[in-house]
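Comments concern the structure below.
The values are calculated or read from the model by the stated rules, or taken from the named source; none is laboratory data. Computed from a predicted structure; not experimentally measured. Every residue, glycine as well, gets a Cβ built from its backbone with ideal geometry; the counts of neighbours run over all protein chains shown. Only protein heavy atoms, including side chains, enter the accessible area calculation; ligands, DNA and RNA are left aside. Shrake-Rupley method; radii C 1.70, N 1.55, O 1.52, S 1.80 Å.
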Amino acid sequence: AQSVTQLDSQVPVFEEAPVELRCNYSSSVSVYLFWYVQYPNQGLQLLLKYLSGSTLVKGINGFEAEFNKSQTSFHLRKPSVHISDTAEYFCAVSATDGQGGKLIFGQGTELSVKP
Amino acid sequence: DAGVTQSPTHLIKTRGQQVTLRCSPKSGHDTVSWYQQALGQGPQFIFQYYEEEERQRGNFPDRFSGHQFPNYSSELNVNALLLGDSALYLCASSSGLRPGTEQFFGPGTRLTVL
């Protein structure tokens with residue numbers, strides 16, 4: 001079984017400041033890792049994913065994440081945030097040997113960017 | 001190219017009633033997954049359909065059932081509604097069953113049970 005823990009439920013930050021949203025996971029099998037963003041009253045949009053290869057993954061909207069297998073972490077970062085980045089962010093995993101890629105999500109981190 | 005669409009947008013039901021939610025996958029996709037997102041929580045996997053069969057199921061009671069049609073669209077049915085079933089129900093579509101394949105999410109159906 002897999003589980004995902006997002007270490008911060010809310011992250012307030014000022015515009016143009018850097019931000020890091022933390023994600024740790026637990027799994028008895030190898031996993032793929034994902035970050036999704038959810039804007040108010042909308043569905044989820046994929047920001048980036050790690051399947052294999054380089055542990056530093058670049059995504060859309062200037063976000064990047066680093067997979068750390070020894071620490072079972074997949075933290076999301078952005079060097080300079082914008083007001084428009086205000087949203088809920090979800091970290092998720094799926095087993096590499098699982099049919100169909102069932103996603104297991106964390107509880108979410110609410111990013112609030114202030115002017 | 002239309003993305004994943006869901007209907008209705010909002011729904012209000014009373015305890016004990018039954019509800020059907022609908023999902024049309026993104027063009028070219030043949031796999032549909034359903035998730036329940038309670039307020040302030042992350043989405044939880046309900047089940048997944050491929051080739052008109054349920055392929056995987058999460059930890060949800062039998063009151064939750066589904067169906068996939070030959071055109072790949074899908075329905076989620078919930079019987080004997082409980083107050084705790086109030087949530088945003090998300091449909092996600094993808095191509096095939098290969099792990100790691102990107103899932104595209106619809107805007108969701110907000111179900112309120114009174």
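Miscellaneous remarks
- Among the protein heavy atoms, those of B:Tyr49 account for about 10 Å² of accessible surface (1.4 Å probe, every chain in place).
- When only Cα pairs below 8 angstrom with a gap of at least 6 residues are kept, chain B shows a relative contact order of 36 percent.
- Accessible surface of A:Arg22 - all protein chains present, 1.4 Å probe, nearest 10 Å²: 90
- Computed on chain A, with alpha-carbon pairs under 8 angstrom and 6+ residues apart, the relative contact order is 37 percent.
- Summed side-chain charge close to A:Phe74 - residues other than A:Phe74 whose Cβ falls under 15 Å, Lys, Arg +1, Asp, Glu -1: +2
- Among A:Ala92, A:Ala65, A:Ala17, the largest mean-square fluctuation in a Gaussian network model of chain A (Cα springs under 10 Å) belongs to A:Ala17.
- Number of partner chain Cβ atoms within 10 Å, mean per residue of B:44-56: 2
- Average partner coverage of B:26-39, which counts Cβ from other chains inside 10 Å: 1
- The local environment of B:Arg63, defined by Cβ-Cβ distances under 15 Å, has a net charge of -1 under the rule Lys, Arg +1 and Asp, Glu -1.
- Interface burial for B against A (accessible surface, 1.4 Å probe, total of both chains, Å², rounded to 100): 1800
- Build a GNM of chain B with springs between Cα atoms under 10 Å apart, and of B:Arg57, B:Arg15, B:Arg98 the one that fluctuates most is B:Arg98.
- Phi-based couplings in Hz for the range A:64-70 (Karplus 6.51, -1.76, 1.60; Gly and Pro marked x): 9, 9, 10, 8, 10, 5, 5
- Probe 1.4 Å, accessible area per residue of chain B, Å²: 46
- Probing with 1.4 Å while keeping every protein chain in the model, the per residue accessible area of chain A equals 48 Å².
- Over all other residues within a Cβ to Cβ distance under 14 Å of B:His10, the charged ones net out to +3, with Lys and Arg as +1 and Asp and Glu as -1.
- Cα gyration tensor of the range A:2-114 - equivalent ellipsoid semi-axes, whole Å, descending: 23, 14, 12
- Structure remark: mean-square fluctuation, Gaussian network model of chain B, C-alpha springs under 10 Å; the largest value among B:Asp62, B:Asp30, B:Asp85 belongs to B:Asp62.
- Per-residue HN-Hα couplings for the range B:49-63 [Karplus 6.51, -1.76, 1.60; θ = phi - 60°; Hz; x = Gly/Pro]: 10, 8, 6, 6, 10, 6, 9, 9, 9, x, 8, 10, x, 5, 4
- Span from the the range A:71-115 Cα centroid across to the the range A:45-62 one, whole angstrom: 11
- Per-selection Kirkwood Rh - the protein assembly as shown (Cα, Å, 1 d.p.): 18.0
- Ranked by solvent-accessible area (1.4 Å probe, protein heavy atoms only, all chains present), the residues B:Phe60, A:Phe90 order from largest to smallest as B:Phe60, A:Phe90.
- Across chain B the C-alpha pair distances fall into 10 Å bins from zero in the proportions 15, 50, 29, 5 percent.
- Contact residues in the range B:91-105 by the 20 Å² criterion (accessible area, 1.4 Å probe, full protein complex versus chain alone): B:Leu97, B:Pro99, B:Gly100, B:Glu102, B:Gln103, B:Phe105.
- Shielding of peptide A:103-114 by partners, expressed as the average count of other chain Cβ atoms within 10 Å per residue Cβ, is 3.
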